[in-house]
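Asker: Below is one structure. I have some questions about it.
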Amino acid sequence: MKTLKIAIQKSGRLNEKSVQLLKNCGLSFENYKSSLISTVSNFPLEILFLRDDDIPEYVQDGIADIGIAGENVIAETGVDVSFLQELGFGKCTLKLAVQNHSQIQKISDLEGKSIATSYPVILKKFLAENKVNSEIRTISGSVEISPGLGLSDAIFDIVSTGGTLKSNGLKPFADVMSSQAVLIGRKGIENDELVRELIQRIQSVLRARETKYVVLNIEKKNLPEIVKLLPGVKSPTVVPLAQEGWVAIHTVIEERDFWEKINSLKAVGAQGIVVMPIEKIIL
Ligand code: PRT
Ligand code: ZN
């Protein structure tokens, strides 16, 4: 039987969540920090642990069939791959930033200035789209210290909390690209049966992440009010309680309007509300 190969980051910001996602998909494997390859025992899959920068090209060239990488790295390497699934972690934004006291306030102010970055390809494209000519200084790390050292007038870098910019006396002034971790595949691999199976499993894990399983007790006479509040995928499950006139309701609530929903459920008499995480939702 054919074995699929997936490339994930060996260590760094995407490693833990990539490993966790695969484990939540029911895949069994040893996560040896020292080895480059791990074999999944209950699915025809091999996991290659690589530097994130190498993953897009390895996938494009077929060394791995699929891979998990940040959209920023995929855009920077300019590969031709299929986007299979957004994964909702590793979220960040590529921003232009300058020193707090800088005169540069808008993109056109960058004309003739120098910008330090580890993402020259994305930056070059952005500047061309905005018809601005700047000098791009490519450096591989610690981009944020470059203006303070007098090495550049601005920087173009990844920002998530903004803490690093702040502690280096920098302020962002333009968002260029938002990014998250995505599952990519070699062109055409999306039709592969094993890949389709894996994507389905990933989607069921992602869906579950956005929802909570809720059990609550309610007087039977309040049932119509409650059902109105819980449109859900299907009607909620209603289970009679030993106490006459009372029922328990089992339902699924979306994380994003969770507190609002819980408060309105309480307002119509819901009691003993128990909230549980959901592992998978298979449609
Ligand atoms: O060793 P390897 O090459 O595999 O890893 P790496 O060191 O190149 O990458 P790594 O692990 O730092 O990041 C992997 C991916 O995580 C990136 O390509 C992004 O897609 C994503 N990501 C999400 C981030 C951040 N958030 C992030 N904050 N990557 C880097 N950062 C940096 C940022 O550059 C800044 O210097 O973290 C610093 C702190 O950011 P603030 O704004 O939270 O202070
Ligand atoms: Zn890297």
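Asker: Measuring from centroid to centroid over Cα atoms, what is the spacing of region 41-65 and region 230-283 in Å?
Answerer: Going from one Cα centre to the other spans 41 Å.
Asker: Would you mind ranking H101, H250 by Cβ crowding within 10 Å, fewest neighbours first?
Answerer: H101, H250
Asker: Among S167, S152, S41, which one shows the biggest mean-square fluctuation in a GNM of the chain, springs joining Cα atoms closer than 10 Å?
Answerer: Between S167, S152, S41, it is S167 that shows the largest mean-square fluctuation.
Asker: Also, I was wondering about something else. With an 8 Å cut-off on Cα pairs and a minimum separation of 6 or more residues, tell me the relative contact order of region 210-277 in percent.
Answerer: That works out to 52 percent.
Asker: What value, in deg cm²/dmol to 500, does the helix sum -39500 (n - 2.57) over DSSP H runs of n ≥ 4 give at 222 nm once divided by the residues of the chain? Don't skip to the end; give the middle numbers.
Answerer: Numbers: 8 runs with 72 residues, N = 283.
Rounded to the nearest 500, the figure is -7000 deg cm²/dmol.
Asker: Run through the DSSP bridge list for region 92-178 and note the antiparallel percent, rounded to the nearest 5.
Answerer: 65
Asker: A further question on this structure: Quick check on the chain: of the DSSP beta bridges with both residues there, what percent are antiparallel, nearest 5%?
Answerer: 75
Asker: Kindly count the pairs of lysines across region 210-277 whose alpha carbons are less than 17 Å apart, treating pairs on different chains or eight or more residues apart as eligible.
Answerer: Close lysine pairs under the 17 Å cut-off: 9.
Asker: Going by C-beta contacts inside 10 Å, put D109, D153, D175 in order with the fewest on the left.
Answerer: Final ranking by Cβ density, sparse to dense: D175, D109, D153.
Asker: Follow-up. Hey, which lysines would be in cross-link range of K106, C-alpha to C-alpha under 27 Å, not counting anything within fewer than 8 residues on its own chain?
Answerer: Within the straight-line cut-off, K106 pairs with K91, K95, K124, K125, K131, K166, K171.
Asker: With viscosity set to 0.890 mPa s and temperature to 25 °C, compute the Stokes-Einstein D of region 49-181, Rh being the Kirkwood radius across alpha carbon pairs; µm²/s, no decimals.
Answerer: 158
Asker: Quick one: length gained pulling L229 to I273 fully straight, 0.36 nm per residue minus the C-alpha distance?
Answerer: Numbers: separation 44, 0.36 × 44 = 15.84 nm, distance 1.48 nm.
Answer, rounded to one decimal: 14.4 nm.
Asker: Going Cα to Cα from K187, which aspartates and glutamates come in below 15 Å? Please leave out same-chain ones fewer than 8 positions away.
Answerer: Cα-Cα hits under 15 Å: E57, D61, D65, D80.
Asker: Taking square-rooted eigenvalues a ≥ b ≥ c of the alpha carbon gyration tensor, is the chain rounded, prolate or oblate, where a/c under 1.5 means rounded and, failing that, a/b exceeding b/c means prolate?
Answerer: oblate
Read the figures in this text as sums done on the coordinates, not as results from a lab. All of these numbers come straight from a predicted model, not from anything done at the bench. Note: ideal-geometry Cβ built from the backbone for every residue, glycine included; neighbour counts use all protein chains shown.
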